[in-house]
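What follows is a set of notes on a single structure, which appears directly below.
The values are calculated or read from the model by the stated rules, or taken from the named source; none is laboratory data. Being a predicted model, the structure only gives us computed values, none of them experimental. Backbone-built Cβ (ideal geometry, glycine too); neighbour counts: all protein chains shown. For accessibility, only protein heavy atoms count, side chains too; no ligands or nucleic acids. Shrake-Rupley method; radii C 1.70, N 1.55, O 1.52, S 1.80 Å.
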Amino acid sequence: MTTDQPTAAPSVLAAADRLEQAGSSRTACPPVADLIGPSDIALAYAVQQVTTERRLTAGARVIGRKIGLTSAAVQAQVGVDQPDFGALFDDMRYVDGELVPYDRLLQPKAEGEIAFLLGRDLTDLADISNPAAVRAAVQLAFPAVEIVDSRIERWRIGITDTVADNASSGVFVIGERGLPLDAFEPALVRMVMRRGGSEVVSKGTGQDCLGDPLNALTWLARTAIAFGSPLRAGDLVLSGALGPMVAVGPGDVFEVSIEPLGTVTARFSHDTDRPTERAGVARKDDDV
C-alpha cells in the first residue's frame, strides 16, 4: 500500500511494534489509541502500512483485501460506526474444511460473508461510480468464513485501534465453488451460521452488508484508489459480515450456509497453550 502517510512517525512505529509484539507473543496488548489518538484514521492506516510492509519484507504475499465493519450488528458489537479495510496475506487463507490451528489466534470470532474474486482491475474512479462496472469486475463469488481477531486486549477497540490492527484480521476460509454474478444477486442472499452442526449462532442477509455486498466492494475500490493501491484482477475481497460475529473456542466447527452460493466449513483445532482465561475472553459475547 502506497500512501503519503507519516509511516516514520515515532507514534506510528511504536503502535506497530506494540501490535506485532502482541501477535508474536500471543498476548493481547492495550489499545494503541493512546499512541495515535482515537480519531486520526489516516495515522491508523499508516500503522497498518508499516506492519504490512514488514510482513512483505518477511516473505508474505498480499492476495487481496478485507472489508470490515460493514454490518450494523458488528458495528454495534465493537462500538464503531464506519467501515475499514485491511490486507489479506497468503498464509491467512484456508480451504473449506481445513483444520485451522487455534493457537495461531488470540481472540477469534467468526463471520459469514461473501468473497469476491476480481476478474478486472478497478482503477478508474469514473468506472467505480457506475454500479454495472463494479459488478462486471467480479469474476466469481464464494461463500466464506472470516475469522476476525484482535491483538487488542478484550476487544476494547475504537476505529483507530482496529484500522491499525489490519482491520482486526485473523484468517479466512473460502468455499470451493464460486458463482458468477449473473447467477444471483448478492443483496438477496441469506446467511445462516451453525456451530457444531445444529446450533444456529448467526443469521443475516446481503442487505445487512452496507445494503448490498457490492456497495461494500464499491466503497473499498474507491478507498483503495485514494490510498494509492487500487484493486487488481486476481484479488480476493472479503466483502464484510452478513450477520453478528460469534466467538470461537478450541475445537469449534462452524458451517456457514449462504444461499444460493452454498456452504463452507471452518474447523478449529483443540490444541492451545494459551492461558485458560484467554479462551474465556474469546467466549465473552458468545450470545450474539
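For the pair residue 121/residue 135, report the inter-label distance in nm, with labels modelled 7 Å from Cα in the Cβ direction.
About 2.4 nm separates the two model spin labels.
When Lys and Arg each count +1 and Asp and Glu each count -1, what net charge do the other residues less than 12 Å away from residue 237, Cβ to Cβ, add up to?
The answer is 0.
Please give the solvent-accessible surface of residue 24 in Å², to the nearest 10, using a probe radius of 1.4 Å with every protein chain present.
90 Å²
Report the residue, chosen from 182, 235, 252, that carries the largest GNM mean-square fluctuation when the chain is represented by alpha-carbon nodes joined by springs under 10 Å.
Highest fluctuation among the options: 182.
Suppose every K and R has +1 on its Cβ and every D and E has -1 on its Cβ; what is the size of the dipole of region 150-195 about the Cα centre, in Debye to the nearest 20?
320 debye
May I ask you to derive the relative contact order of region 169-227, considering only C-alpha pairs under 8 Å and at least 6 residues apart, and to give it as an integer percent?
24 percent
Assuming 0.36 nm per residue, please report the length gained on full extension of the stretch residue 222 to residue 200 beyond their Cα-Cα distance.
4.4 nm
Return a whole-number percent for the relative contact order of the chain, with Cα pairs under 8 Å and 6 or more residues apart as the contact set.
Answer for the chain is 26 percent.
Roughly how big is region 81-121's charge dipole about its Cα centre, with Cβ charges of +1 (Lys, Arg) and -1 (Asp, Glu), in debye to the nearest 20?
Its charge dipole is roughly 60 debye.
Given the options 157, 105, 68, identify the residue whose Cα lies farthest towards the positive end of the charge dipole of the chain (+1 on Cβ of Lys, Arg; -1 on Cβ of Asp, Glu).
Of 157, 105, 68, it is 105.
Using only DSSP helix segments of four residues or longer, with each worth -39500 (n - 2.57), what per-residue ellipticity at 222 nm results for the chain after dividing by its residue count and rounding to 500?
-8000 deg cm²/dmol
Among 199-212, 157-170, 38-51, 221-234, what's the highest-first ranking by average C-beta atoms within 10 angstrom per residue?
Result, highest mean first: 157-170, 38-51, 199-212, 221-234.
Place a +1 charge on the Cβ of each Lys and Arg in the chain and a -1 charge on the Cβ of each Asp and Glu, then give the dipole magnitude about the Cα centre in debye, rounded to the nearest 20.
200 debye
Hey, any idea what % of region 105-147's accessible area is carbon plus sulfur with a 1.4 Å probe?
Carbon plus sulfur share of accessible area: 50 percent.
How much net charge surrounds residue 62 when only other residues with a Cβ under 14 Å from its Cβ are counted (Lys, Arg +1; Asp, Glu -1)?
Net charge around residue 62: +3.
Quick one: net charge around residue 133, please, counting Lys, Arg +1 and Asp, Glu -1 for every other residue with C-beta under 14 Å from its C-beta.
Net charge around residue 133: 0.
Could you please state, rounded to a whole Å, how far the C-alpha centre of region 75-146 is from the C-alpha centre of region 163-188?
One Cα centre to the other: 4 Å.
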